[in-house]
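These notes are about the structure you will find just below.
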């Protein structure tokens with residue numbers, strides 16, 4: 001893993017907890033990425049046009065592919081920390097473009113309600129950036145295999 005933290009050590013004691021974080025974050029991003037293609041008018045290009053994203057016919061499919069690929073990588077625990085970075089950026093853009101207008105127009109509680117999944121996905125991605133894929137991941141399998149080969 002690129003870096004270790006005390007949080008990493010705590011998760012190593014309970015690998016199932018980190019697996020659950022990876023599964024929920026990975027499943028949601030995978031699902032949302034697929035839906036950008038299945039429901040392009042409401043969740044893909046059409047939505048990006050509505051919220052004012054420039055070049056929506058390029059950006060929406062790009063974001064969809066990123067969400068699909070990163071979602072699969074998280075489910076596998078493959079390049080977990082690196083994979084978390086574009087997902088964090090994705091969520092920061094989503095919050096700033098779709099939730100901040102709600103905050104300005106309808107107030108804090110309306111925004112808090114609408115942003116609940118966004119914040120969970122952002123914070124789940126931050127956890128995975130800090131901690132990595134955990135013991136039950138391809139990252140750990142590859143690292144263990146490399147250690148055995150070198151050691």
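When residues of region 90-135 are filtered for being in contact with a helix residue (DSSP H, G or I) (Cβ under 6 Å, 6 or more places away or on another chain) and touching a residue at least 60 places away in the same chain (Cβ under 8 Å), how many remain? Residues flagged as in contact with a helix residue (DSSP H, G or I) (Cβ under 6 Å, 6 or more places away or on another chain) and touching a residue at least 60 places away in the same chain (Cβ under 8 Å) within region 90-135 amount to 11. Determine, yes or no, whether residue 85 is surrounded by fewer than 19 Cβ atoms within 10 Å (Cβ to Cβ), in contact with a helix residue (DSSP H, G or I) (Cβ under 9 Å, 6 or more places away or on another chain), in contact (Cβ under 8 Å) with a residue 12 or more places away in the chain and in a helix (DSSP H, G or I). So residue 85 fits the description; yes. Scan region 93-137 for residues that are more than 17 Å from the chain's Cα centre (by Cα), more than 25 Å from residue 62 (Cβ to Cβ) and in a helix (DSSP H, G or I) and the total you get is 10. Inside region 21-50, residues that are surrounded by fewer than 13 Cβ atoms within 10 Å (Cβ to Cβ) and farther than 20 Å from residue 69 by Cβ make up a count of 3.
Okay, residues lined up against (1) closer than 12 Å to residue 26 by Cβ; (2) modelled with pLDDT of 95 or more; (3) surrounded by 19 or more Cβ atoms within 10 Å (Cβ to Cβ):
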{"position": "71", "(1), (2), (3)": "yes, yes, yes"}
{"position": "81", "(1), (2), (3)": "no, yes, no"}
{"position": "90", "(1), (2), (3)": "no, yes, yes"}
{"position": "93", "(1), (2), (3)": "no, yes, no"}
{"position": "110", "(1), (2), (3)": "no, yes, no"}
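The values are calculated or read from the model by the stated rules, or taken from the named source; none is laboratory data. Source: prediction; values computed, not measured. Cβ: placed from backbone, ideal geometry, glycine included. Neighbour counts: every protein chain shown.
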